[in-house]
Amino acid sequence: MPEVRKNDEITLDITDLNNLGCGVGRYGGAVVFVRGAVTGDRVKAKIIKVNKSYYVARLIEVTAPSPYRLTEGVCEAPESCGGCVYRHISYEYELTLKRELVKNAFHRAGLDDVEIAEVESVGETRGYRNKAQFPVTRGRDGKLQAGIYASKTHDIVGGSDCMLQPEIFADIAETVCAFCDANGIDAYDELTGRGLLRHIYLRRAEATGQIMVCLVINGKSIPAADRLCAELTNRFEHIHGVLLNINQKNTNVVLGERFITLWGEDTIEDILCGLRIKIAPAAFYQVNRRGAELLYGLAAGRAGKNKDGTLLDLYCGAGTIGLSMARNFGRVVGIEIVPSAVECAKDNAARNGIENAYFSCGDASDAGGLLARAERETGERIDADVVILDPPRKGTTPELIDYISERDIKKVVYVSCDPVTLARDCALFAEKGYSIGTVTPVDMFPRCGHVESVVSLTRGFDVDMRR
């Protein structure tokens, strides 16, 4: 094995591409990771990190391009952005990689016999995100600029024009920055803790066009707030509300707990799966609306119909999944830990005339305790026929899986944003006697390394496992 030192230049063939956007090759028997390289490329690269078992290199030149490499329509954001890790490759190849990502997760969990379907997608790769969080900094020219964090850092890369977001987001961010410059409002500095404007947080309801503008500040008010609201609303007719979020903590968390409405409404309304959905600033809502409709449709198919049964919707957010299936069940019970999301879920049920849905605030991982309390209050047992699980990236808990098993709930529909934790949790369900159906990946985040999946887990009856 040849000795390799930092700053050495090497030539290698790229044989794989991981979900961080790094091409993978071998040099002298060691694995080399090259960001921006594509499977099938031959590249020149410069070693920037030497480890006992692998090297990291910077791409210098593609000497022989891969057939998977895009030659036009590539995002023009700086390479350091780190957002679109698959921006260099064809979309067809991206979907192949995402299916392999799910297959590999189940393989590592010892579940090789589980069927992984082809990736479902609505086919949109641009402008699909309905939410943006732009950190703000002072650029080299002395002016405020909104941008994005460079990969694996809190260094801000200037530029708010992202191909994954609607163009109006960049226009709004630039307007806010120009206003702040004109009115002496400085950007927050993480190192010193000084400065006022931390983030520009935007949400857009695709179906209605309504936009929420929220400025995250290191203070309790912002100068010239009335003039700022007037300038924004005069220029952008679809702005539905302008808010402040108070975050004076020395933290990497974007949002603080308190919101102040400066103008208009403190929520926006979208249409999802035929339902009118109210979205509060802190409430979870899928960033890809059309992708969410595809995902929820697949989940509804697996949940089936039971007009006399109860659907238990855990980690329910603003209630979107459960409400989209309410017509198929006698009752929907949702649990969510964010109070404002619970209020949105209740309001969403009311505004859509859904009278068989009930939502409560609490940790979904303690579903047993929460339902026991509800049973004491109502004097009746809540027996779930189907459970919908849509947990955060860390997955659900062994305790909740134990509870579902002990209650002998026959069907669980698991919606996941992380194949690794999904496979881990499916293995735990299998230990409890649940059969794992076909896993269907869904590309909710084109050009990014993440992939959603939906799968049904059943026990005690024979079903078509793809439903």
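Every read-out reported here was derived from the displayed coordinates using simple, explicitly stated rules and does not represent laboratory data. It should be emphasised that the depicted structure is a prediction, and the values quoted were computed from it without experimental measurement. Cβ sites come from the backbone with ideal geometry, for glycine too, and all protein chains shown count toward neighbours.
Overview of values
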read-out	value
Per residue convex hull volume, Cα atoms of segment 103-243, in Å³	160
Point-charge dipole on Cβ atoms (K/R +1, D/E -1) for segment 288-458, about Cα centre, debye to 20	520
FRET efficiency estimate (nearest 0.05) - Cβ-Cβ, Glu399 to Lys305, R0 51 angstrom	0.95
Between segment 423-450 and segment 254-311, the alpha-carbon center distance in angstrom	22
Cut-off 15 Å between beta-carbons: net charge of the residues surrounding Thr192, Lys and Arg +1, Asp and Glu -1	+1
Mean shadow area of segment 223-352 over all directions, Cα convex hull, nm²	9.6
Listed residue (Ile260, Gly219, Val242) projecting farthest to the positive dipole end of segment 203-262, Cβ model	Gly219
For the chain, share of DSSP beta bridges that run antiparallel, in % to the nearest 5	65
Net dipole in debye of segment 9-69 [+1 Lys, Arg Cβ; -1 Asp, Glu Cβ; about Cα centre; nearest 20]	200
Potential lengthening between Glu76 and Lys6 on full extension [0.36 nm per residue; Cα-Cα distance subtracted]	22.3 nm
Mean separation of Cα contacts under 8 Å, 6 or more apart, over the residue count of segment 86-197: relative contact order %	19
Fraction in percent of alpha-carbon pairs per bin - 10 Å, segment 305-403	17, 51, 30, 2
Structure-based [θ]222 nm, the chain - -39500 (n - 2.57) summed over DSSP H runs of at least 4, per residue, nearest 500	-7500 deg cm²/dmol
Label-point separation, Ile60 to Lys46 (7 Å along Cα→Cβ), nm	0.8
nm² value of the averaged projected area, convex hull over the Cα atoms of the chain	24.5
Length-normalised contact order of segment 131-268 in % [C-alpha pairs under 8 Å, at least 6 apart]	19
Cα lying deepest toward the dipole's positive end in the chain, options Val4, Ala187, Pro65, charges on Cβ	Val4
Segment 288-458: relative contact order in percent, alpha carbon pairs under 8 Å with at least 6 residues between	21
Net length gained if the chain between Thr15 and Glu167 were fully extended (0.36 nm per residue, minus Cα distance)	51.1 nm
Extension reserve of the Arg126-Glu265 stretch, reckoned as 0.36 nm per residue once the Cα distance is removed	47.2 nm
Which listed pairs, of Lys6/Lys152; Lys152/Lys432; Lys131/Lys220; Lys98/Lys131; Lys103/Lys346; Lys49/Lys152, have C-alpha distances above 27 Å, in listed order	Lys152/Lys432; Lys103/Lys346
Cα convex hull volume per residue for segment 9-69 (Å³)	69
Charge context of Arg42, other residues only, Cβ under 12 angstrom, K/R +1, D/E -1	-1
Magnitude of the charge dipole, the chain, Cβ model with Lys/Arg +1 and Asp/Glu -1, debye to 20	680
Computed label-point distance, nm, for sites Arg407 and Asn104 using a 7 Å Cα→Cβ extension	3.6
